[in-house]
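The structure under discussion appears below in the form of structure tokens.
The values are calculated or read from the model by the stated rules, or taken from the named source; none is laboratory data. What you see is a predicted model; the values in this text were computed from it and never measured. Please note: Cβ atoms are built from the backbone with ideal geometry, for glycine as well, and neighbour counts cover all protein chains shown. These area figures cover heavy atoms from the full protein model, side chains too; ligands, DNA and RNA do not enter into them. Shrake-Rupley method; radii C 1.70, N 1.55, O 1.52, S 1.80 Å.
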Amino acid sequence: MKKTVTVLIIIVLAAAGAFYFSKQTTVEEEKKAWQEKTRDLEKKITELQDEIKKTEPSVRKKNSVQLLEKPGAASQEKENRCQQLNQQTTKFFSYLNDKGYIKAQGFNGDAYEQYKKALGLLETTRPLISGETQDLYTLMRNISFFCRCGR
């Protein structure tokens, strides 16, 4: 009986040792694979950094030349952008008017008028920026800041 227990223990220990060493080799293989991937990625990083260094001066020169050539181009571009935004905003509010969302909510007037009213209400009841936790009313007012504009 003792011999069988001893033999079983030895077999279990041998199996555990074999399992451990087999896992150890796979861990080592994975470690080598990850180290190789890391080296490859580090090479790619250095290559990309070198490429950026080569192209960076030419980009700076192009930008400085453009700024020297056209001093009014930036303000004209800004003006065009403002006009585009104005047109988009107008289209958006006319879309809302065409869909009838404002009338369905029971408001009089068009969407842009309601928008201006909401902004006016928000402007008159600004939230407190500091010290809002000193008073429960102020805290609740700050929390409901954006919800009260429709009232």
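Values computed for the structure shown
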item: Cross-chain or 6+ apart pairs with Cβ under 9 Å, segment 85-104 first and open to solvent by less than 100 Å² (accessible area, probe 1.4 Å), then at pLDDT below 85 and among the small types (Gly, Ala, Ser); result: Ile102/Gly109
item: Index of the failed condition, Phe107 passing every other in (1) touching a helix residue (DSSP H, G or I) at 6+ places or on another chain (Cβ under 8 Å); (2) at negative phi; (3) at pLDDT below 80; (4) open to solvent by less than 100 Å² (accessible area, probe 1.4 Å); result: (3)
item: Residue within segment 118-141 that is outside any helix (DSSP H, G or I) and open to solvent by 100 Å² or more (accessible area, probe 1.4 Å) present; result: yes
item: Any chance Gly109 is part of a loop (DSSP other than H, G, I, E, B) and either under 29 Å from the mean Cα position of the chain (by Cα) or of a type in the set (Gly, Ala, Ser) (or both); result: yes
